[in-house]
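In what follows, a single structure is set out as structure tokens and then discussed.
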Amino acid sequence: MHILLFEVNPFSPPSLPISLGYIAAYLIKHGFGVKIVNISEKGGYSVKGLEKLIKEFSPQLVGFSTYQRNILYVLGIAKFIKKINKDIKIILGGPQITFMPSSALKEMPMVDYLCRSEGEVTLLSVAKAIAGGTPFNGIKGVTYRVNEKIKETERIEGYEDLDEYPSPHFAGIFNYSEVEEAILLTSRGCPFNCIFCYTPNASKHKIRFHSIERVLEEIEWVVKKGKNRIWFADPNFSYKKERVYQLLEGILKKRLKVKIWIETRADLIDENLLKLMKRTGVHTIAYGLESASERVLKIIRKRLSLEQLRKAIALTQKYGIEVEVFSQYALPGETFKEALKTLEFVKSHGIKIQGNSNAQQMQLYFGTTVTKDYKKFGIKPFPEKRPLYISIGDRYETETMTQEEIAIIKRLWRESSLDKGRRIVS
């Protein structure tokens with residue numbers, strides 16, 4: 001049985017679809033034939049090319065990695081596939097789907113399943129059912145529609161030890177020639193409570209790890225493939241400092257010449273760690289700033305002080321490591337003046353406003369604490385009708401910032417941006 005997985009990201013340069021890679025490697029391990037289609041700003045398939053792929057590869061299951069920003073593209077492609085062969089089953093997964101209301105399935109007739117649990121184990125459950133000729137019996141981890149009725153199945157828990165999942169790199173499913181850097185994971189999940197973020201709720205505030213040995217093997221693999229630029233996609237790369245020391249020392253011991261991008265929190269680094277990071281090849285560290293108002297940071301439950309951020313930024317720059325900061329505006333309780341302070345904070349610390357350091361309006365996505373209790377946090381959605389599969393997103397003003405003020409802040413960030421706001425992280 002063949003399974004086709006789609007990464008649809010026409011807004012950015014091509015990158016390794018690491019999450020789909022994990023799913024593909026796991027399905028391949030269990031005997032399924034899997035292909036990944038990666039659509040980026042450089043293009044993908046023409047209509048004729050896609051139709052040819054569907055007919056020749058003949059998948060029985062097609063999965064999509066789904067976000068608010070790409071869901072309309074996803075549904076369009078899914079509808080096209082159903083026109084080619086209505087018997088092909090379609091499953092949507094990813095951040096937009098995990099906490100999407102089940103009733104949204106009524107408005108997506110081209111979709112058969114919503115993935116509600118960890119992708120690897122959920123898609124295996126669905127694939128086995130389809131291969132066995134009973135696509136809606138005995139499956140777990142999904143919401144599905146059968147005979148116009150929506151059914152919920154029990155969750156499936158993923159592995160505690162991430163090494164139980166085969167490496168997507170070793171599976172030979174990535175084309176490294178299409179990308180500038182390799183993406184690796186050393187951990188999954190986040191134990192913190194920031195109200196604007198989907199990850200803590202999706203991971204149940206837990207963090208799970210790969211072994212140091214597994215990560216080092218993957219680094220060696222991608223270096224041999226000619227990729228010395230590495231993006232560690234962990235939400236909190238240095239959550240366990242002893243692990244990070246072991247990993248970085250392992251890279252040095254193996255004499256791996258790499259350039260590394262990481263994301264972590266300002267309270268999870270120290271001077272000795274930064275020294276070692278610089279020696280190992282870390283060129284950029286991204287920190288979560290969010291707001292330059294202590295009062296707002298408390299409202300959004302960031303559990304960080306501006307003083308901690310200042311120290312982390314200064315130390316990082318001291319050792320010649322580039323600093324990026326993730327920041328937002330129109331946060332709960334934030335005033336226009338406080339939003340201006342965030343822009344000034346970034347400028348005053350010599351941080352280039354480009355790429356990840358472009359601020360964005362806070363997005364209200366399914367699964368975040370602020371979306372669940374938006375009235376409590378002073379969010380005022382616009383009085384407009386939207387499909388059930390689309391969350392509030394940025395279609396709101398707040399009790400402390402008007403729509404006009406939010407637009408001004410957005411314009412000021414764009415005017416200060418070196419790349420005019422491209423590659424804003426959502």
For the chain: relative contact order, % (alpha-carbon pairs under 8 angstrom, 6 or more apart): 12
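Using the eigenvalues of the Cα gyration tensor, what equivalent ellipsoid semi-axes result for the stretch 180-416 when each is taken as the square root of five times the eigenvalue, whole Å, largest first?
Working: eigenvalues 228, 80, 49 Å².
Semi-axes from the Cα gyration tensor: 34, 20, 16 Å.
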Debye log10 I(q)/I(0) at q = 0.07, 0.08, 0.11 Å⁻¹ for the chain, Cα point scatterers: -0.35, -0.46, -0.90
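Would you kindly calculate the mean projected area, averaged across all directions, of the convex hull enclosing the Cα atoms of the stretch 298-426, in square nanometres?
Details: hull surface 34.1 nm².
For the stretch 298-426, averaging the hull's shadow over all directions gives 8.5 nm².
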Normalised contact order of the stretch 2-152, rounded percent, pairs of Cα under 8 Å and 6 or more residues apart: 21
Share, in percent, of DSSP beta bridges within the chain that are antiparallel, nearest 5: 30
Interatomic Cα distance distribution for the stretch 2-152, bins of 10 angstrom, percent: 11, 45, 37, 6, 0
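If each residue's Cβ is checked for other Cβ atoms within 10 Å, how do Asp112, Asp161, Asp87 rank with the fewest at the top? If you can, show how the numbers build up before the last one.
Values: Asp112 24, Asp161 12, Asp87 8.
Exposure proxy ranking, most exposed first: Asp87, Asp161, Asp112.
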When each of Lys311/Lys352; Lys42/Lys278; Lys302/Lys372; Lys206/Lys375; Lys86/Lys140; Lys257/Lys347 is checked by Cα-Cα distance, pairs over 21 Å: Lys42/Lys278; Lys206/Lys375; Lys86/Lys140; Lys257/Lys347
Label-point separation in nm, Lys257 to Asn147, each point 7 Å along Cα→Cβ: 6.6
Relative exposure of Phe11, Phe32, Phe99, judged by other C-beta atoms within 10 Å (fewest first): Phe11, Phe99, Phe32
Counting DSSP beta bridges with both ends in the stretch 165-270, the antiparallel % (nearest 5): 35
FRET efficiency estimate (nearest 0.05) - Cβ-Cβ, Thr134 to Glu415, R0 41 angstrom: 0.10
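Counting DSSP beta bridges with both partners in the stretch 2-152, what percentage is antiparallel, nearest 5? Walk me through the numbers on the way to the answer.
On the way: 8 of 27 bridges.
Approximately 30 percent, going by the DSSP bridge assignments.
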Reach of Lys82 by Cα under 22 Å, taken over lysines that are not fewer than 8 positions away in the same chain: Lys35, Lys48, Lys52, Lys55, Lys106, Lys128, Lys149, Lys151
Simple spin-label estimate for Lys35 and Leu340 in nanometres, 7 Å along Cα-Cβ: 5.6
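Each reported figure results from applying straightforward, stated rules to the coordinates on display, with no laboratory input. These numbers were taken from a predicted model, which means no experiment stands behind them. Glycine gets a Cβ as well: all are built from the backbone with ideal geometry, and neighbour counts include every protein chain shown.
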